[in-house]
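The values are calculated or read from the model by the stated rules, or taken from the named source; none is laboratory data. Being a predicted model, the structure only gives us computed values, none of them experimental. Here Cβ is always computed from backbone atoms with ideal geometry, including for glycine, and neighbour counts include all displayed protein chains. For the accessible areas, the whole protein counts, side chains as well, though only heavy atoms, and no ligand, DNA or RNA atoms are used. Shrake-Rupley method; radii C 1.70, N 1.55, O 1.52, S 1.80 Å.
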Amino acid sequence: MSVGTTGRYLYKNSILHNSNCASKISFVICASIGVFLSSSHLYYIIATLLVCVLSILSKVPPRYFLKDIKSAWLLISLAFLVQLVNGISIVTFQKGIIGALRIFIIVLSVSVFTRTTKVMEISHFIEKSLRLLGISKQKTKDISLTFSLSMRFFPILVDEIDRIRTSQKLRGVDLSRGKILSRLSSSLRIIVPVIIASFRRAEQLATAIEARKYGLSEFTTEYYQNKLKMSDIFILSFTTVLILFLISLS
C-alpha cells in the first residue's frame, strides 16, 4: 500500500461524514488522552468497542481501516513487546495487551476521523480555533491555507516518488544493493527530479493563488458554515460519557 493512500478521505453518506469536524476532533482527543489516564480494563474494552462501532457507522469498508492499522503495526507490536522485557508472565502479558490496545484505539480513532473528514473542513476548523485564540484573521487564513496545501500535495508527492522509483528500476537502477556511497548517488536520481517537480508545482500554485488575489482583501466570504447537527450532538454525547467514565475510574 502506498503511504499516500493511508488515511485518505473516502466519501460516504454516513452520520460521521455529515458531522461537524469539531465533534469528531473532540472525540479523537478524548480517546487519545483517556487511554493513557485510565488503567481500568473495562475502560479499554468499552473504548475499543466504541471506536469499532463508529467505524461501522462511517460506512467505510473495513479494509481501509485495516490498511491504516497495518501501517502502524510496528508501533502496536513495540507497545506489546516492551512490556515483556522484564519477563513473560500473566501480569506482563496483560500490560502488553493494554499497551497494544492503547495504540490500536488511537490509530483507529484517527483513521475514522481522517477517512470521514475533508481536508478543507479540518483547515477551516484550524482557522476558527486559531481565531478564537486571538490570532489575526489573515494569519489564521495563511496557516489554514498552508495546512490544506501540505495535506493535499503530500499524497501527490509520494505518488511522484513511487513513479520515479519505478521508472529508475526499469532502467536498471537498484537502490537496495551496493555500497553506501553508490546508494546515495543512486538516490540522487530520485531526489533531484522530485525537487524539480515540487518547485514546478509550487510555482504554478503561487501563480494560481496570486491570480485569485489571495490576501488583498480583508473581507472575504466563507463557503463552509460550521453548524451543529443531530449527528454532532450524538458524537459529543458519546464523548461526554467517555470523559465522565474516565473521571469515575481515576
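Can you name the residue in the range 1-37 that is within 15 Å of the chain's Cα centre (by Cα) and of a type in the set (D, E, K, R) and is also modelled with the highest pLDDT among such residues?
Ranking the qualifying residues of the range 1-37, first place goes to Lys24.
So, Ser176, is that one at pLDDT below 75, among the polar types (S, T, N, Q) and open to solvent by 50 Å² or more (accessible area, probe 1.4 Å) or not?
Details: at pLDDT below 75: yes; among the polar types (S, T, N, Q): yes; open to solvent by 50 Å² or more (accessible area, probe 1.4 Å): yes.
It is true that Ser176 is at pLDDT below 75, among the polar types (S, T, N, Q) and open to solvent by 50 Å² or more (accessible area, probe 1.4 Å).
Find the residue count for the range 106-130, including only residues that are touching a helix residue (DSSP H, G or I) at 6+ places or on another chain (Cβ under 6 Å) and not in a helix (DSSP H, G or I).
Residues meeting the conditions: 1.
Residues of the range 105-144 being open to solvent by 50 Å² or more (accessible area, probe 1.4 Å), touching an Asp or Glu at 6+ places or on another chain (Cβ under 9 Å) and either over 30 Å from Leu37 (Cβ atoms) or in contact (Cβ under 8 Å) with a residue 60 or more places away in the chain (or both), which ones?
Val110, Lys137, Gln138
Among helices (runs of 4 or more DSSP H) lying entirely in the range 29-82, which contain 2 or more residues that are of a type in the set (A, V, I, L, M, F, W, C) and open to solvent by less than 10 Å² (accessible area, probe 1.4 Å)? Explain how you work it out, then say what you get.
On the way: elements: 41-57, 62-71, 73-81.
Per the criteria, 41-57.
Applying the selection to the range 83-97, what residues are hydrophobic (A, V, I, L, M, F, W, C) and surrounded by 12 or more Cβ atoms within 10 Å (Cβ to Cβ)?
Going through the range 83-97, the residues hydrophobic (A, V, I, L, M, F, W, C) turn out to be 84-85, 88, 90-91, 93, 97.
The answer is Leu84, Phe93, Ile97.
Looking at the range 6-27 only, could you name the residues that are assigned to a helix (DSSP H, G or I) and either surrounded by fewer than 20 Cβ atoms within 10 Å (Cβ to Cβ) or in contact with a strand residue (DSSP E or B) (Cβ under 9 Å, 6 or more places away or on another chain) (or both)? I'd like the intermediate steps shown before the answer.
At the first step, the residues of the range 6-27 found to be assigned to a helix (DSSP H, G or I) are 21-27.
Ala22, Ile25, Ser26, listed by residue number.
Let me spell it out: the conditions are (1) at positive phi; (2) at pLDDT 80 or above, and Gly87 meets all of them except one. Which number is the exception?
Of everything listed in (1) at positive phi; (2) at pLDDT 80 or above, Gly87 misses just condition (2).
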